[in-house]
Amino acid sequence: MNNVNESMTAGQTPALIPLPTMADVKTKNDVPADIDFNYRGLSDDDRIRRAVKDMEIIYASDEQPKMTPLVPRFVKAYLWNTPDFYQPAYSQAGFPAAATLMDDVSFRHPNNLFVQAKLNAQIVGPSSVGKGGLPLIFQYMLADLMAESHDNMERQVEIDERNNLKGANAKKEARPDNLVQRIVFPNTTIPALAKQMKQNHGLPCFLEAPEIEDLWGFKNGTGGMSPLVLLREADDRDGKIRQRRVGEKSVTVDVPLFLNYCVSATPEGAIDFFKRDMLKGALNRQEVAFIPDQPIGAKEPKYKPYDERYAARLQPFIDNLKSARSHADDNGRIVCKQAIALAEAMKDECAAFVQTNYDRTWDNLTHRGLTHAFLKACVLYVANGFKWEPAIEAFIRWSFHYCLWSKLHVFGDRIREAENKLQYSSRPGKPNLLLLISGNTFTLSDVVAIRKSQGMDDSEKATKNMINVWVSRQWIRRQPDGRYEKLEYKH
């Protein structure tokens, strides 16, 4: 899409862009138009109108929005060896790993609370579509953290082995306080993860799961924390991991949970994993990136070599991320005014779009997505040496809509089905059944019918038990003919 300012003279106000008709929305083969997401130079009103038009096109299409050509320098660096076909999804996978490189820092959110860069990526695509290249990005981006974690794990094993050789009454060797292990394995149990979080002293950790089913390894028998609960806690501002056990060797821990992660899944595997959580919050917190099937007969995409040149390309950005704490205040807090302004602008754009369709499902899914978009912008700001670059705005807008489109593409029908099954009571509690009985005298059959209409047990035994309570409270009394007369709640 050409920049809307190309044909304008300096200082000229851009013309209002009309909302699309259905003919505009559907393009040939239902492929969305090339949207560059570059709204710089537009007034607020024109920016919102253009954003609404773009969203009408994106969410009416069966094809994901094309990746914007405006890509920040850091993203270009870690995607340098990735084939074009995989770049949209791989671009999202880089964020949770990059955020882990920053020590315990937080960013001021538009709501004025400070939030840590808790990020995730769920890469969803059919079998054999190319998710296997993701670990290479992580191996180079997190090389130092992986080496540190491996060395400290070996030290911990050696200490444990020496202690196991000692007698029951012998003094055991204490674990050093610096055995930081910021790489988490998907088959880690909840007690082990809780202990790992405690010894990491609040530093962010990273988990990569080749298959989403691997996360069930966190389930630690009956009563263990469900991986779905773990995913919810990992994304929450005040999320914690709690483990309470009784016994000399048991683990009792209550510490903050700072776990960034990237998991891969097929559409079937992802749907099965979240089938009981469509509305409970774990799925809502996921950043989904979809990889479609390649066209039939297409050549297999080829990667460039991952070598010293790739590592050298990444290193300046890695150094910037590791130095984040040195740019923060004494409490580790960072303020990126440009990211705040972008998040507020995107929120206004989403609000304008949802007012055209009143799609509650879409609106609910945007809230977490906007927070993740804000945090991704902060990561790019830090990686770029605490300098804002114009490409961040367009890329973050595309990233937000790509992830939201992907989530709706994979889970949308099931989320809407779950919402349709959810029925809310029009009142906070059950109505007074005596007031539902018309007239001031009634029979047992009348009460049975009322209980049935309210979805209650309509058996004669249950109904008589309730009537006996009413009699004992002197709300009603029995009459000689077997009927009942109201003493309270009369019509």
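The table below gives the values:
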| quantity | calculated |
| --- | --- |
| Flag for residue 61 being modelled with pLDDT of 95 or more and surrounded by fewer than 24 Cβ atoms within 10 Å (Cβ to Cβ) | no |
| Output for the range 416-432, where each listed residue is hydrophobic (A, V, I, L, M, F, W, C) and modelled with pLDDT of 85 or more | 418 |
| Of the criteria (1) modelled with pLDDT under 90; (2) in contact with a Pro (Cβ under 7 Å, 6 or more places away or on another chain); (3) open to solvent by less than 10 Å² (accessible area, probe 1.4 Å), which one residue 4 fails | (3) |
| Inter-residue pairs, beta-carbon under 6 Å, first under 16 Å from residue 121 (Cα atoms) and in the range 135-155, second among the hydroxyl-bearing types (Ser, Thr, Tyr) and part of a helix (DSSP H, G or I), 6+ apart | 137/78 |
| The range 479-491, residues that are open to solvent by 60 Å² or more (accessible area, probe 1.4 Å), touching a Ser or Thr at 6+ places or on another chain (Cβ under 9 Å) and within 11 Å of residue 437 (Cβ to Cβ) | 491 |
| Qualifying residue in the range 392-406 (condition: outside any helix (DSSP H, G or I) and touching a Leu at 6+ places or on another chain (Cβ under 8 Å)) | no |
| Any chance residue 289 is in contact with a helix residue (DSSP H, G or I) (Cβ under 7 Å, 6 or more places away or on another chain), at pLDDT 95 or above, buried (at least 16 other Cβ atoms within 10 Å of the Cβ) and not in a helix (DSSP H, G or I) | yes |
| Any hit, the range 404-415, residues being at pLDDT below 90, closer than 30 Å to residue 281 by Cβ and open to solvent by 40 Å² or more (accessible area, probe 1.4 Å) | no |
| Contacts under 7 angstrom Cβ, first residue in the range 358-384 being under 16 Å from residue 287 (Cβ atoms) and open to solvent by less than 10 Å² (accessible area, probe 1.4 Å), partner among the hydroxyl-bearing types (Ser, Thr, Tyr) and assigned to a helix (DSSP H, G or I), 6 or more apart | 373/399; 376/399 |
| Members of the range 296-354 that are surrounded by fewer than 16 Cβ atoms within 10 Å (Cβ to Cβ), assigned to a helix (DSSP H, G or I) and touching a strand residue (DSSP E or B) at 6+ places or on another chain (Cβ under 8 Å) | 327 |
| In the range 346-357, the residues that are over 21 Å from residue 283 (Cα atoms) and not aliphatic (A, V, I, L, M) | 348, 349, 353, 355, 356, 357 |
| Flag for residue 438 being more than 26 Å from residue 50 (Cβ to Cβ) and either in a loop (DSSP other than H, G, I, E, B) or of a type in the set (A, V, I, L, M) (or both) | yes |
| Selection within the range 456-478 - open to solvent by 70 Å² or more (accessible area, probe 1.4 Å), more than 17 Å from residue 489 (Cβ to Cβ) and not polar (S, T, N, Q) | 457, 460, 461, 464 |
| Pick from the range 254-286, criterion at pLDDT 95 or above and of a type in the set (D, E, K, R), ranking: most open to solvent (accessible area, probe 1.4 Å) | 268 |
| Unmet requirement for residue 104, which otherwise passes all of (1) within 30 Å of residue 118 (Cα to Cα); (2) modelled with pLDDT under 90; (3) in a helix (DSSP H, G or I) | (3) |
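The values are calculated or read from the model by the stated rules, or taken from the named source; none is laboratory data. This structure is a prediction, so every number in the text was calculated from the model and none was measured. No Cβ is skipped: glycine too gets one built from the backbone with ideal geometry, and neighbour counts run over all protein chains shown. Note: areas computed on protein heavy atoms with side chains; ligands, DNA, RNA excluded. Shrake-Rupley method; radii C 1.70, N 1.55, O 1.52, S 1.80 Å.
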